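The values are calculated or read from the model by the stated rules, or taken from the named source; none is laboratory data. Small disclaimer: the values here were computed from a predicted structure and weren't measured. Glycine also receives a Cβ, built like all others from the backbone with ideal geometry; neighbour counts cover every protein chain displayed.
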Amino acid sequence: MKAMQLNPSSGIAPFRAAMLYKTQVNYNRPEAWTVVLDNLNNAIAADPKFAPAYMELYNYHLLAKRDFATAENFANQFIAATDQSVENNYLKAQTVWLQGKFTEAISIAKDIVSQTNNNPNPRVYRLLAYSYAGNKDTSTACTYVNEFFGKASAEDLLAQDYILHAQTCARDNPDMIMQDVTKAVELDTIVSKKISTLRDFAKEAKANNQRILEATLNKLAYNLEGADANVNRLIGEIAVPFYFGGSFDKADSAAQAYSQAAPDSIHGYYWSALARSAMDTGTVSKGLAVEPYEKVLAIAEQDKARFKSQGIRAAQTLAVYYNNVK
């Protein structure tokens with residue numbers, strides 16, 4: 001749009017300064033934006049029609065301050081400073097969506113789609129998907145997120161887009177969830193956010209009894225944590241769900257990794273023994289579980305009250321093996 005072109009005689013210098021300082025702040029700490037805001041206001045003072053500055057101020061008040069009235073005021077000033085286009089109504093739709101007015105956002109977004117002959121900026125379909133998801137209509141939300149993916153370029157895609165797809169289109173499809181979450185994690189550049197995404201979906205998988213997906217996502221999160229990882233997660237969040245999901249070899253691997261890190265603990269040996277027994281056709285005919293059960297029994301004998309159930313199971317299993325197999 002012509003009016004979006006920067007005027008070389010006015011607001012460029014303070015706007016560029018604002019954008020430079022913006023790289024050092026984020027929307028989670030609006031109190032740190034003083035220098036950015038000063039430069040944006042200077043750009044507008046130099047050129048009252050400097051549309052990019054109004055857009056930045058709109059985003060700041062919408063996303064950082066969540067001051068919707070002020071954000072709407074800057075949106076209107078942005079619209080007044082640019083060529084008239086139905087696409088400008090996207091700002092209004094986005095503002096009401098953030099206020100939880102999903103039906104109103106849907107109405108505005110659909111009007112944009114209609115007036116652009118079904119060819120709006122792809123972000124409009126993204127907003128429709130989020131709005132229908134907000135209204136608990138995941139089926140329609142899925143339709144629009146797929147429409148967004150069909151029209152968006154690779155540069156348009158965000159990690160959150162794949163998360164939205166997983167939440168609306170893949171709820172009962174563990175393989176699709178895994179694909180979406182993997183893509184989301186690849187696109188995200190912040191390790192802590194990658195880990196948070198993986199763990200959030202792991203919790204949802206557990207709630208849906210998708211135990212292998214749960215364990216796989218937790219394992220990816222654990223690996224991303226590196227040296228800071230809590231070794232106890234290897235049992236409760238990885239070995240156990242792999243075991244109950246029927247992936248006994250992976251359960252055994254996680255349990256063994258725990259035992260290497262905590263050789264004096266009974267838990268790694270115990271879950272390794274359970275997994276190996278399951279791999280041994282549910283018996284001990286091949287003796288796969290003998291070694292870890294011997295470790296379990298040795299540790300259980302040091303604290304019989306605490307590890308009574310594990311010790312009994314180990315003793316019974318070993319007795320069967322030595323009396324009937326070996």
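If you take the residues of the stretch 262-286 that are of a type in the set (A, V, I, L, M) and assigned to a helix (DSSP H, G or I), which of them is nearest to the chain's Cα centre (by Cα)?
The first filter runs over the stretch 262-286 and keeps only residues of a type in the set (A, V, I, L, M), leaving 262, 266, 273-275, 278-279, 284.
Narrowing the set further to residues that are assigned to a helix (DSSP H, G or I) leaves 266, 273-275, 278-279.
Details: Ile266: 34, Ala273: 34, Leu274: 32, Ala275: 30, Ala278: 33, Met279: 34 Å.
Across the stretch 262-286, the extreme among qualifying residues is Ala275.
Restricting the search to the stretch 142-184, which residues are of a type in the set (Asp, Glu) and either under 14 Å from the mean Cα position of the chain (by Cα) or within 21 Å of Asn218 (Cβ to Cβ) (or both)? Break it down stepwise before answering.
Here is the first cut: in the stretch 142-184, the residues of a type in the set (Asp, Glu) are 147, 155-156, 161, 172, 175, 180.
The answer is Asp161, Asp172, Asp175, Asp180.
Going through the stretch 43-53 one residue at a time, which ones are crowded, with 18+ Cβ neighbours inside 10 Å and free of Cβ contacts under 8 Å to residues at least 40 places away in the same chain? Steps first, answer last, please.
Taking the stretch 43-53 as the starting set, the residues that turn out to be crowded, with 18+ Cβ neighbours inside 10 Å are 43-44, 47, 50-53.
Answer for the stretch 43-53, where residues must be crowded, with 18+ Cβ neighbours inside 10 Å and free of Cβ contacts under 8 Å to residues at least 40 places away in the same chain: Ala43, Ile44.
Kindly check whether there is at least one residue in the stretch 173-188 that is buried (at least 20 other Cβ atoms within 10 Å of the Cβ), at pLDDT 95 or above, under 30 Å from Pro263 (Cα atoms) and among the small types (Gly, Ala, Ser).
Initial filter on the stretch 173-188 (buried (at least 20 other Cβ atoms within 10 Å of the Cβ)): 177-178, 180-181, 184-185.
Within this subset, residues satisfying the condition of being at pLDDT 95 or above are 177-178, 180-181, 184-185.
Subsequent filtering for residues that are under 30 Å from Pro263 (Cα atoms) retains none.
No, because not a single residue in the stretch 173-188 is buried (at least 20 other Cβ atoms within 10 Å of the Cβ), at pLDDT 95 or above, under 30 Å from Pro263 (Cα atoms) and among the small types (Gly, Ala, Ser).
Only one of Tyr322, Tyr270 is buried (at least 21 other Cβ atoms within 10 Å of the Cβ) and aromatic (Phe, Trp, Tyr); which?
Details: Tyr322 fails: buried (at least 21 other Cβ atoms within 10 Å of the Cβ).
Going through Tyr322, Tyr270 in turn, just one is buried (at least 21 other Cβ atoms within 10 Å of the Cβ) and aromatic (Phe, Trp, Tyr): Tyr270.
Considering only residues of the stretch 60-78 that are buried (at least 17 other Cβ atoms within 10 Å of the Cβ) and within 17 Å of Val36 (Cα to Cα), which is farthest from the chain's Cα centre (by Cα)?
Top of the filtered list is Phe74.
Identify, by number, the condition in (1) farther than 29 Å from Ala205 by Cα; (2) touching a residue at least 40 places away in the same chain (Cβ under 8 Å) that Tyr322 doesn't meet.
For Tyr322, the failing item is (2).
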